[in-house]
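Take a look at the structure below.
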Amino acid sequence: MTTLTAYKKHLQEIGKLESAISLLHWDQRTYLPQKGLAARALVLGKLARIAFELLVSDKLGHYLEELETQDDLSLEEQASIRVVGKAYRRHKSIPPDIYEQFTIAQSRSESAWEQAKKTSDFELFRPHLQKMVDFSRQFAQLYGYETNPYDALLEEYEPGMTTEQLRSVIEPLRKKLVPFIKRLREEGTRPRTEILDGTFPIDKQEELSLRVLKAMGYDFSAGRLDTTVHPFTISTGPQDTRVTTRFIGDNLFSGISSTMHEGGHALYGQGIPPELHWSGLDGGASFGIHESQSRMWENMIGKQLPFLKFFQPILASVFPEFAHTRPETLYNALNTVTPSLIRIEADEVTYNLHIMLRFELEEQLINGRISITDLPEVWKDAMKRYLGVVPKDDAHGVLQDVHWSTGMFGYFPSYMLGNLYAAQIFAKVREEIPDLDEQIANGKLVVLLSWLRKQVHRFGKTYEPQELLQRITGERLNPSYFTRYITDKYSQIYKL
Ligand code: CO
């Protein structure tokens, strides 16, 4: 057996374990009965340990070392070695006992956060958050970096991205968005939203979501739709990418948006070609690129007039109260702008400001420029600067998101990058499919899907995010596509 064959076989072993782990995770977050949780944690811990040992094994190290000097490999094989090699080195750089201490601290920290959020008691969470920051700083040192330890953490979610680059994108974006939001509020005409009021039976909402997913081109013979508290999408292996969503009785479009968002992630997963399965390349190019797919379907399709023209009759067939609703009325009502305290409820204009705030705080925390004790006050001050609103307590402020409780520093920027990538990629879609709006209004959403398959999905992790973006759009990350999209759309809706 050649080294290459042995290497591929080794990756398949890891892939099979990861499939099992993903399926157990999916089950845990959808159907697992309460009493099964404790044993499930043990099973997951065991499987994760075996997968981890395979990933940091000397055997894999030798394969990589040998293959990294081989010059007759295909593009995909080279990419696989680059991606797997990086994961191998990152995991290997953390001593096992430090990693074990981290995972124990992580689960304690997460439950402390849950409790602290419930009672809005930051003090309860503070020592745990301190530990998570300390671990992250230690990991950054072990991973290595050139100028800023935060870069080493970003690398986990957005390969190739740096603090410096993020700053150069955020500054111009903030300078455009903050005054634009002020103008919308002071000079704009806010659309009426009464049309969205009402109560909507969950079973009917589910029927609607299934029809939307089908129209998007989601393959139900390679996935399924379930409901959960915090919606997510997961690939549990080749040909099985599952969507979960959440329905709210008196907010019909919350469920539809959530389904389209997760559906966008799922189409990416279903679009990974079989030859990349279990090769280390069977996933999104980055968290940001993944989020570009979900945000594109959620906002640039789902909250636009062409889609709503197609969707209104379907909506009316399930909910007859919308029989006489004009798509234009829905469009305006769905696109109001309100600076809010909570990121996950934010509209597409103010959303990125929430992310900039987190980036600013995270980067300072990791570099020790703010202390954890001051964090709740620093948070409030930043909310006022970015969004002009101040939370009344920490549950609605610094405690609102789970990410920091498990030490996920460096993750938030992916949410913003997703929006920016989406706008830049979508501008290219418009250029290459001139009659896109007409096709979508006729329900031919598959024209978009086919384009995304060809330009984005089929590569998996073959290219790093910036390289992929360059190939798709012909340029590096450029936030002006996003600002143009936002100002055009909302100037029109708010009659500026
Ligand atoms: Co998402």
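Structure above, values below:
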quantity: Sorted by Cβ density within 10 Å, fewest first, the residues K454, K117, K8; calculated: K454, K8, K117
quantity: Positive minus negative residues near L184 (Lys, Arg vs Asp, Glu; Cβ under 15 Å); calculated: +2
quantity: Positive-end residue of L477, L252, Y143, charge dipole of the chain with Cβ unit charges; calculated: L252
quantity: Relative contact order of the range 219-372, pairs being alpha-carbon contacts under 8 Å that are 6 or more residues apart, as %; calculated: 13 percent
quantity: Local net charge near R385, Cβ-Cβ under 15 Å (Lys/Arg +1, Asp/Glu -1); calculated: +2
quantity: Residues H265, H324, sorted so that the one with the fewest Cβ neighbours within 10 Å comes first; calculated: H324, H265
quantity: Given charges at beta-carbon only (K, R positive; D, E negative), |dipole| of the chain in Debye; calculated: 820 debye
quantity: Centroid-to-centroid separation of the range 158-202 and the range 439-496 [C-alpha atoms, Å]; calculated: 17 Å
quantity: Projected label distance in nm at S107 and D203, using a 7 Å step from Cα toward the beta-carbon; calculated: 3.9 nm
quantity: Extended-chain gain in nm, criterion 0.36 nm per residue less alpha-carbon gap, E377 and R167; calculated: 73.3 nm
quantity: Mean projected area in nm² (Cα convex hull; one quarter of hull surface) for the range 3-144; calculated: 10.7 nm²
quantity: Counted charge near L37, where neighbours are those whose Cβ lies closer than 12 Å (Asp, Glu -1; Lys, Arg +1); calculated: +2
quantity: Violating pairs (Cα-Cα greater than 23 angstrom) within the set K9/K59; K428/K489; K309/K454; K176/K454; K384/K495; calculated: K309/K454; K176/K454; K384/K495
quantity: R0 of 45 Å, Cβ-Cβ distance E321-T3: FRET efficiency to nearest 0.05; calculated: 0.10
quantity: The range 87-206 - charge dipole about Cα centre, Lys and Arg +1 at Cβ, Asp and Glu -1, debye rounded to 20; calculated: 440 debye
quantity: Label zone at Q470, where the point sits 7 Å out along the Cα-to-Cβ direction: the range 153-184 residues whose backbone N lies under 15 Å; calculated: 159-162
quantity: Estimated FRET transfer efficiency when R0 is 51 angstrom, pair D58-R29 (beta carbons, to 0.05); calculated: 0.90
quantity: Length-normalised contact order for the range 283-438 - Cα pairs under 8 Å, 6+ apart - percent; calculated: 35 percent
quantity: Label zone at T338 (point 7 Å along Cα-to-Cβ), backbone N below 13 Å, the range 369-413; calculated: none
quantity: Leading residue at positive end of dipole, the chain (Cβ point charges), from I104, Y411, L124; calculated: L124
quantity: Rg ratio (alpha-carbon, reference 2.2 N^0.38 Å) - the chain; calculated: 0.98
quantity: Global form of the range 350-471, assessed from the alpha-carbon gyration tensor, a/c cut-off 1.5; calculated: prolate
quantity: The chain: relative contact order as a whole-number percent, Cα under 8 Å and 6+ apart; calculated: 21 percent
quantity: Order of H403, H354 - criterion: other Cβ atoms within 10 Å of each residue's Cβ, fewest first; calculated: H403, H354
quantity: For a label point 7 Å along the Cα-to-beta-carbon line of R190, residues of the range 474-496 with backbone N under 20 Å; calculated: 487, 489-496
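None of the figures in this text is laboratory data; all of them are computed from the coordinates on show. Bear in mind that the values here come from a model prediction, so they are computed numbers and not experimental data. Cβ: placed from backbone, ideal geometry, glycine included. Neighbour counts: every protein chain shown.
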